Amino acid sequence: FSHVRCLECGFFFVNPILKDEYVKGYYKEKRTWYGVLRNELQKELDRLKFNYGLDLLAHLGLKEPVRLLDVGSGLGLFLEVARERSFEVTAVEIDEDFAAELRARGFPVIDRPLRRKEPGLVPFNCITMWELLEHLSDPQETLTTAHNLLESGGFLYVVVPNLLSLSNRMLKEKSILFAGHSHINLYTMESLERLLAQAGFEPVDWETMYTEIGLINNYLNFQDPYLGEGEEVLDFLTPEYIHRRLLGSRLACVAKKP
């Protein structure tokens with residue numbers, strides 16, 4: 001896949017992209033990643049991640065009762081974590097198999113792309129998008145729709161792969177970020193901030209998740225980045241060092257609707 005950069009705004013994207021029906025067919029046939037997500041160790045780690053995000057939102061002023069809309073819910077582990085906190089949750093999931101599974105577990109599900117005006121929906125005070133925007137051909141439309149569905153003062157929490165992470169800067173084309181079939185838009189803090197502003201949001205917090213320090217150490221040790229032992233190479237290269245400079249592999253932003 002060809003990865004290109006806009007010479008005017010600096011946005012990175014794949015051009016051309018696969019048609020939607022091919023992407024959908026690919027995911028129907030390739031369920032390996034979903035098997036990873038069902039792994040108990042992965043679920044334990046994801047629960048830590050989701051609870052951290054919700055703790056951060058509370059710290060920044062999200063008030064209960066929380067009416068939360070999660071866009072791109074997948075297997076629904078985040079919905080479980082939010083429901084355990086007594087949040088009122090609604091899922092947006094267009095994969096029919098996942099949507100059916102979510103309904104069977106008692107979650108309200110919207111199984112089609114959101115419209116800017118959704119009759120019968122009470123405005124939400126929180127909308128979450130966990131690693132979603134990189135898969136969408138029109139992220140601006142999705143963010144604008146989210147803005148319309150949020151009440152004034154409501155929170156948006158977005159997590160995307162960080163194009164300028166230390167691991168991506170080192171691995172370049174060897175990074176799995178650049179597979180191209182599904183990650184069709186690649187974000188930096190500047191490009192995501194621009195999209196959020198165009199949709200009417202004001203960012204209030206930026207940070208990164210996942211140092212991928214084991215991968216980085218493997219690369220520096222001349223090992224396979226994804227299969228090496230992850231032994232320390234440079235003592236100054238710590239998780240704190242990476243996150244202080246927003247060099248983690250996932251970029252997380254909390255934004256508000258004024």
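Can you confirm whether Glu240 is more than 16 Å from the chain's Cα centre (by Cα), over 26 Å from Pro139 (Cα atoms), open to solvent by 70 Å² or more (accessible area, probe 1.4 Å) and without any contact (Cβ under 8 Å) to a residue 12 or more places away in the chain? Considered against the rule, which asks whether it is more than 16 Å from the chain's Cα centre (by Cα), over 26 Å from Pro139 (Cα atoms), open to solvent by 70 Å² or more (accessible area, probe 1.4 Å) and without any contact (Cβ under 8 Å) to a residue 12 or more places away in the chain, Glu240 comes out as yes.
Restricting attention to segment 128-142 and to residues that are outside any helix (DSSP H, G or I) and among the aliphatic types (A, V, I, L, M), the residue that is farthest from Lys63 (Cα to Cα) turns out to be Leu136. When the residues of segment 215-228 are filtered to those that are under 24 Å from Asp46 (Cα atoms) and over 24 Å from the mean Cα position of the chain (by Cα), the one that is surrounded by the fewest Cβ atoms within 10 Å (Cβ to Cβ) is Leu227. For segment 110-127, a residue qualifies if it is out of contact with any Ser or Thr (no Cβ under 9 Å at 6 or more places or on another chain) and at pLDDT 95 or above, and the qualifying residues are Asn125, Cys126, Ile127.
A quick yes/no check of all residues on (1) assigned to a strand (DSSP E or B); (2) over 30 Å from Arg5 (Cα atoms); (3) free of Cβ contacts under 8 Å to residues at least 12 places away in the same chain:
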position	(1), (2), (3)
Leu54	no, yes, no
Leu69	yes, yes, no
Gly74	no, no, no
Ala91	yes, yes, no
Ile94	no, no, no
Phe98	no, yes, no
Thr144	no, no, no
Gly153	yes, yes, no
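In segment 161-204, what residues are touching a Ser or Thr at 6+ places or on another chain (Cβ under 6 Å) and without any contact (Cβ under 8 Å) to a residue 60 or more places away in the chain? Within segment 161-204, Ala199 is the sole residue that qualifies.
In the set Asn125, Asn148, only one residue is in contact with a Lys or Arg (Cβ under 6 Å, 6 or more places away or on another chain) and not in a helix (DSSP H, G or I); that residue is Asn125.
Taken over segment 113-139, the criterion of being under 20 Å from Glu88 (Cα atoms) and open to solvent by less than 80 Å² (accessible area, probe 1.4 Å) is satisfied by Leu114, Glu118, Leu121, Pro123, Phe124, Asn125, Cys126, Ile127, Thr128, Met129, Trp130. Only one of the listed residues (Ala252, Ala197) is buried (at least 20 other Cβ atoms within 10 Å of the Cβ), closer than 30 Å to Ala146 by Cα, small (Gly, Ala, Ser) and at pLDDT 95 or above. That residue is Ala252. Checked against (1) modelled with pLDDT of 95 or more; (2) among the hydrophobic types (A, V, I, L, M, F, W, C); (3) within 20 Å of Phe12 (Cα to Cα); (4) over 16 Å from the mean Cα position of the chain (by Cα), Ala179 passes all but a single condition, namely (1).
Could you say which residue among Phe107, Phe78 is surrounded by 18 or more Cβ atoms within 10 Å (Cβ to Cβ), in a loop (DSSP other than H, G, I, E, B) and at pLDDT 95 or above?
Values: Phe78 fails: in a loop (DSSP other than H, G, I, E, B).
Selected residue: Phe107, the only one of Phe107, Phe78 that is surrounded by 18 or more Cβ atoms within 10 Å (Cβ to Cβ), in a loop (DSSP other than H, G, I, E, B) and at pLDDT 95 or above.
Within segment 162-176, the set of residues being open to solvent by 10 Å² or more (accessible area, probe 1.4 Å) and in contact with a strand residue (DSSP E or B) (Cβ under 8 Å, 6 or more places away or on another chain) comprises Leu163, Asn168. For the subset of segment 1-55 comprising residues that are at pLDDT below 90 and of a type in the set (Phe, Trp, Tyr), which member is nearest to Glu80 (Cα to Cα)? Checked segment 1-55; the qualifying residue nearest to Glu80 (Cα to Cα) is Tyr34.
Considering Glu212, Glu231, which residue is charged (D, E, K, R), touching a helix residue (DSSP H, G or I) at 6+ places or on another chain (Cβ under 8 Å) and buried (at least 16 other Cβ atoms within 10 Å of the Cβ)? Selected residue: Glu212, the only one of Glu212, Glu231 that is charged (D, E, K, R), touching a helix residue (DSSP H, G or I) at 6+ places or on another chain (Cβ under 8 Å) and buried (at least 16 other Cβ atoms within 10 Å of the Cβ). Of the residues making up segment 1-56, those that are within 22 Å of Tyr187 (Cβ to Cβ) and among the charged types (D, E, K, R) number 5.
The values are calculated or read from the model by the stated rules, or taken from the named source; none is laboratory data. Remember, it's a predicted structure, so these values are computed and weren't measured experimentally. Positions of Cβ are backbone-derived with ideal geometry, glycine not excepted, and every protein chain shown enters the neighbour counts. Surface accessibility is based on the protein's heavy atoms, side chains included, excluding ligands, DNA and RNA. Shrake-Rupley method; radii C 1.70, N 1.55, O 1.52, S 1.80 Å.
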